[in-house]
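Nothing in this text is a laboratory measurement; each read-out follows from the coordinates by a stated rule. Given the structure is predicted, the values throughout are model-derived calculations rather than measurements. Cβ: placed from backbone, ideal geometry, glycine included. Neighbour counts: every protein chain shown.
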Amino acid sequence: MRVVIAEDLFLLRDGLIRLLEAYGFEIAAAIDNGPELTRALPSIKPDVAVVDVRLPPSFTDEGLQAALHARREVPGLPVLVLSQHVEQLYARELLADGSGGVGYLLKDRVFDADQFVDAVRRVAAGGTAMDPQVISQLLARNSRNQPLGGLTPREREVLELMAEGRSNAAIAQRLVVTERAVAKHTSNIFAKLDLPPSDDDNRRVLAVLAFLNES
Amino acid sequence: MKIGAAMLAAVRGLALALLAMLGSLVLFVFFVVSFVLSIPGLGIFLVPVVTAAVRGYANLRRRLAYEWFGVEIKSPYKPRPRFRRGPIGVVQRYRWIVSDPATWRDVLWLIVDATAGFALGIFAFALPMYGPYGWVLWAGVWKPIFHAGGGDWYTFVHVTNQDTANKAAVLGVVYFALGLLLARQVMRASSVLARGLLAPTRERELELRVAHLTESRSDALDTQAAELRRIERDLHDGAQARLVAMGMSLGAVEHLMERDPEKAKRLLAEARESSSKALTELRDLVRGIHPPVLAERGLGDAVRALAMASPLHTEVTAELPGRLEAPVESAAYFAVSEVLTNAAKHSGAQRVWIDMRHEADRLRIVITDDGRGGADLSGGTGLRGIERRLGTFDGVLALNSPVGGPTMVTMELPCVLSSP
């Protein structure tokens, strides 16, 4: 699997390269600034890109902008965005095109190599990987409001895990229920959020987006 | 519309003339008497009281000049120092008042207002009103006047028959039109005249400015020092302590690696836990110092991110074509954040609207909520603190919060936009 890495700090870049290589990824390019990334992503078209939000020269959100730009050029290009902090605003922008293949994680998540690589693979396969912090921020503020779209607490829980990018099997394991029960919950969620029938992956992304947009 | 405005100006002219006759004259006499009574010593108590009344009255005139005729007059008084208790304080207060040139300019204004101000007000009212009097004569009232004894002079027209009454009516129309045309200008001129004495002199303006700058600078330094202390404490108790714990765990791991691999593993997991907690704490700290979204996206998106995190339903409109200066941006961000927190905590509001725009080198932020209102600057809600912090940038905060709501907080900061 070919990966492009964009990270300006040498130590982190090096660490990411070694980690991903250890798990059998092929590093197509390792980039340390925004403009180069903007040029490289559409031309290399990697299987997945791991991108830091903040990159030189302006150290603002160049990485994110480059990722969004690349996804406009190459729809659905899988991008996993890493950051020192997570913002719902950015999560929403990443998911806005509804085509999946998007991840948004805190840099700390790299510590847990297995989980991190799992997230990279999920994004490469067109799924999502939202940082649990994004979800918990959402929950913190929504706790006072109406439950989203009339979801039951259980359905909400499923949606949360879905937002993190977990598969039905993983959700079932986490909630200690059968996979069939989870499948039933997810189809209820899709129905309640009024998502048109389409392939399951895409609907999952849309459900997460609805979750994020709820405000 | 225009006629209405002119009529209003004329009536306001009459009101000011009456006020000048009653208020200005009486206060002038009071002041002179109380000051003369300083010689037997009574004035030491009387002058401050009368001056307070004079200042209240002058401030009313300042406000009316702005609200009625659009002439802005700033307050010129020396800031009130802290007085000691007892007789020394009384003398201090007396000296504070008597040594302030603004007191004497006020007194001078009282006499000017009682004469010139009165005359202008009466003129603004009487000129348009004299017109209808001509029409009244023309309508037939000239007859009884004529029969009673020789006829009335309407300015230079001696009204003795219908023919001259017609002339008076025509002249009345001229007066009426002229009066309406001039009423606003005359009253504006009267206000400008008042401004000559009521506004701070150039010197006083600079003095006030220096006083303001001194105060806001010391506020800024205090805030900054407190902020640094908080950061120091947070780092000391948080991340730093965690790193120490991590180092100790790792040292122990090194030791236990061979003897007790199970325990070493557990300690490693603990160390990792510590590191991720330290990161979380650092992240929160950074958010408090300078939120990353603000650095990355500027004020508009940073406030949008705030709105998303707020438990209230918050709508944000931002018209900011470009980035603001960094310190202003940060001050504005924390001010909005504080107001939002206040709204969530105290107002009982469901919805909040934030409107930010940049016009004529000023950033203007209006935050409105649909809560119960009744907020008060002095109510310890932190609004005073925001006001002070904005003051460092010559910014101002206005609060409008009638009981029953809604509450509207308006902030304005002078600043320049840079291109994005």
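Can you sort A:Met130, B:Met257 from fewest to most other Cβ atoms within 10 Å of each residue's own Cβ?
The fewest-first ordering by Cβ neighbours comes to B:Met257, A:Met130.
Test of understanding: what is the full-extension gain from B:Thr115 to B:Ala148, defined as 0.36 nm times their sequence separation minus their Cα-Cα distance?
Length gained, B:Thr115 through B:Ala148: 8.4 nm.
Once you place label points 7 Å from the Cα toward the Cβ at B:Leu14 and B:Glu319, how far apart are they in nm?
Between B:Leu14 and B:Glu319, the label points sit 4.2 nm apart.
May I ask you to derive the FRET efficiency for B:Thr341 and A:Ala22 from their Cβ-Cβ distance with R0 = 41 Å, giving the value to the nearest 0.05?
Efficiency at R0 = 41 Å is approximately 0.35.
Under a straight-distance cross-link criterion of Cα-Cα below 16 Å, which aspartates and glutamates are reachable from A:Lys192, leaving out those fewer than 8 residues away in the same chain?
Straight-line reach from A:Lys192, under 16 Å: A:Glu155, A:Glu157, A:Glu160, A:Asp200, A:Glu214.
Using a 7 Å offset from Cα along Cα-Cβ at B:Gln162, what residues in region B:125-143 end up with backbone N under 20 Å from the label point?
B:134-143
Return the sequence-ordered ³J(HN,Hα) values of region B:93-106 in whole Hz as given by the Karplus equation 6.51 cos²θ - 1.76 cosθ + 1.60 applied to θ = phi - 60°, using x for Gly and Pro.
5, 4, 5, 4, 6, 5, 7, 8, x, 4, 4, 6, 5, 4
In terms of modelled amide H atoms, which long-range or inter-chain residues lie less than 5 Å from the amide H of A:Ile27?
Counting only residues 5 or more places away or on other chains, the set is A:Val3.
Report the extension gain between B:Leu268 and B:Thr410 in nm, rounded to one decimal, defined as 0.36 nm multiplied by the number of residues separating them, less their alpha carbon distance.
Between B:Leu268 and B:Thr410, full extension yields an extra 45.9 nm.
Excluding residues on the same chain fewer than 8 positions from B:Lys167, give the lysines whose Cα lies under 29 Å from its Cα.
The reachable lysines, counting only those whose Cα sits under 29 Å from B:Lys167, are B:Lys2, B:Lys143.
In what order do A:Val50, B:Val47, B:Val409 fall by count of nearby beta-carbon atoms within 10 Å, going from fewest to most?
Placing the least packed residue first, the sequence is B:Val47, B:Val409, A:Val50.
Counting other Cβ atoms within 10 Å, keep those with at most 11, restrict to DSSP loop, and tell me which GluC sites (Glu not before Pro) in region B:172-264 are left.
Answer in residue order: B:Glu258.
In nm, give the distance between the simple-model label positions of B:Asp260 and A:Asp32, each being 7 Å from the Cα along the Cα-to-Cβ direction.
Between B:Asp260 and A:Asp32, the label points sit 4.4 nm apart.
Please turn the phi angles of region A:171-182 into ³J(HN,Hα) values with the Karplus equation 6.51 cos²θ - 1.76 cosθ + 1.60 (θ = phi - 60°), one per residue in order, whole Hz, x for glycine and proline.
So the Karplus estimates, Gly and Pro as x, are 5, 4, 5, 5, 8, 6, 9, 7, 5, 5, 4, 4 Hz.
In what order do B:Asp222, A:Asp32, A:Asp114 fall by count of nearby beta-carbon atoms within 10 Å, going from fewest to most?
Least to most surrounded, the residues fall as A:Asp114, B:Asp222, A:Asp32.
What does the net charge come to around B:Gly4 if you take all other residues with beta carbon closer than 14 Å to its beta carbon, with K and R at +1 and D and E at -1?
Neighbourhood net charge equals +3.
In nanometres, what is the gap between the two model label sites at B:Val36 and B:Thr155, each 7 Å from Cα along Cα-to-Cβ?
Each label point is offset 7 Å from its Cα along the Cβ direction, giving 4.3 nm.
Summing +1 for each Lys or Arg and -1 for each Asp or Glu, what net charge is found among the other residues whose Cβ lies under 15 Å from the Cβ of A:Leu175?
Charge balance in the 15 Å sphere: +1.
How high is the FRET efficiency between B:Gln92 and B:Asp237 when r is their beta carbon distance and R₀ equals 56 Å, given to the nearest 0.05?
0.75
Could you work out [θ]222 nm for chain A from helices alone, using -39500 (n - 2.57) per DSSP H run of at least four and dividing by all its residues? Round to the nearest 500 deg cm²/dmol.
Value at 222 nm, helices only: -16500 deg cm²/dmol.
If Lys and Arg each add +1 and Asp and Glu each add -1, what is the summed charge of the other residues whose beta carbon sits under 12 Å from the beta carbon of B:Gly13?
Once positives and negatives cancel, what remains is +3.
Straight-line reach from A:Lys107: which lysines have a Cα under 21 Å away, not including same-chain ones fewer than 8 places off?
Within the straight-line limit of under 21 Å, A:Lys107 reaches these lysines: B:Lys277.
Give me, ordered by chain and number, the residues 5 or more places off A:Leu55 or on other chains with an amide H under 5 Å from its own placed amide H.
Excluding prolines and chain starts, which carry no amide H, the hits are A:Thr60, A:Glu62, A:Gly63.
Whose amide H sits under 5 Å from the amide H of B:Thr160, counting only residues 5 or more places off or on another chain, with H placed in the peptide plane?
Excluding prolines and chain starts, which carry no amide H, the hits are B:Ala165.
Each residue of region B:184-192 in turn: what ³J(HN,Hα) in whole Hz from Karplus with 6.51, -1.76, 1.60 and θ = phi - 60°, glycine and Pro shown as x?
5, 5, 4, 5, 5, 4, 4, 5, 5
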